[in-house]
Amino acid sequence: MGLLDKLRGELVDIVEWIDDTNHTLVWRFPRYHNQIKNGAQLIVRPGQTAVFVHRGELADVFEPGHYELTTDNLPILGTLQGWKHGFDSPFKSEVYFVRTTQLTDLKWGTPNPIMLRDADFGPVRLRAFGTYTLKAADARALLKELVGTDSEFEAEEINELMRSIITEAFASMLGQSKIAALDLAANYRSLSDDLRKAAVERVDDEYGLDIPQLFIVNISLPEAVEKALDTRSSMGVIGDMNRFQQYQMGQAMTAAAENPAGGGASEGMGLGMGFAMANQMMRGAGTAGQGMAAAPPPPPGAAAWHIAVGGQTQGPFTPDQLAQGIASGQVTAGSMVWSAGMSAWTPAGQVPQLASQFAAVPPPPPPQ
């Protein structure tokens, strides 16, 4: 320390702490050789506590207020020094200011998932995170157990310890609560209160700290489980799957019909979806109440028809399904069809079994 700093230390007789960082928990007053004059002014602001330490021993503690440092208001320090007739010369002592207001915006979280046995899902992994506030409750215990000889003690220096304590208490509490994973969100408030009390039991007596507030912000399941739950919820919203598929096919057919630029590909899509929709409707009518049962095979001796659409084969279709396609205009006389026993693909209007059905189909309406 230079001569100027030494002289400044001799002249300054006000001991105080002005801090605006809101992250410092303990701060040691700097003084040359720790010398403080007799009659120096001590200013302890609201939200602070001043602790005098003499030769490694905790001495006097001052609450918020304005003090003149004399032997009258330094009884413990006077005893440690062994003064018999007061003191006029500077006395040596370290002065620590301890913040007693809450440090906010502190976060905690589970670094690894917590394995639990859930009533709905069986073995499951849960993650959680939240926020908490911290304040000094016992300045003596805090200085003795955590600060030591540090000139400054920041909240970041204890964050890792606090997160470990909170996470351990959370895992133990969650395992004992036996609350189903899907019901945890409804119990965030009560779980937060229980978690705060469990964490305070650890840090209060041992470290002289208090946790005035602690919040559980979120408890989450693994991403794969959340996706499965979303799928399950979507199926529950859809309800009747057969009707939903029919609705989707109808929407797609309408969109294809409104796109005349689609050409053959659009016609092929409409034809394929039309037959698929016919299959769905017949399946739903024949298997009502039985879910997604497979369509029955054609009766013995019935022909199974295939249709060529856009260079791809559609089918097989039963005669009834093909008749529905002809009646709806999706199968025309020029549509290429094939069935077992035929030597090659043939226009439907030239197949004897189908030609009579086209005679009853009305021609397209005249243009308006």
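Among residues of the range 148-165 that are without any contact (Cβ under 8 Å) to a residue 40 or more places away in the chain, those with a Cβ under 6 angstrom from a residue that is surrounded by 14 or more Cβ atoms within 10 Å (Cβ to Cβ) and in a helix (DSSP H, G or I), sequence gap 6+ or separate chain, pair up as I165/A199; I165/R202. Please determine, by comparing only the residues of the range 15-32 that are within 20 Å of E68 (Cα to Cα) and at pLDDT below 85, which one is surrounded by the most Cβ atoms within 10 Å (Cβ to Cβ). Checking each candidate, the answer is R31. Right, I216: part of a strand (DSSP E or B) and either surrounded by fewer than 18 Cβ atoms within 10 Å (Cβ to Cβ) or of a type in the set (A, V, I, L, M) (or both) or not? When the stated conditions are applied, I216 passes them.
If you go through the range 137-166 and keep only what is within 31 Å of the chain's Cα centre (by Cα) and within 20 Å of V53 (Cα to Cα), you end up with just E154.
Within the range 307-320, identify whether any single residue is at pLDDT below 60, surrounded by fewer than 10 Cβ atoms within 10 Å (Cβ to Cβ) and not hydroxyl-bearing (S, T, Y), and answer yes or no. No.
The values are calculated or read from the model by the stated rules, or taken from the named source; none is laboratory data. Bear in mind that the values here come from a model prediction, so they are computed numbers and not experimental data. Heads up, the Cβs are rebuilt from the backbone with ideal geometry, glycines too, and the neighbour counts pull from every protein chain shown.
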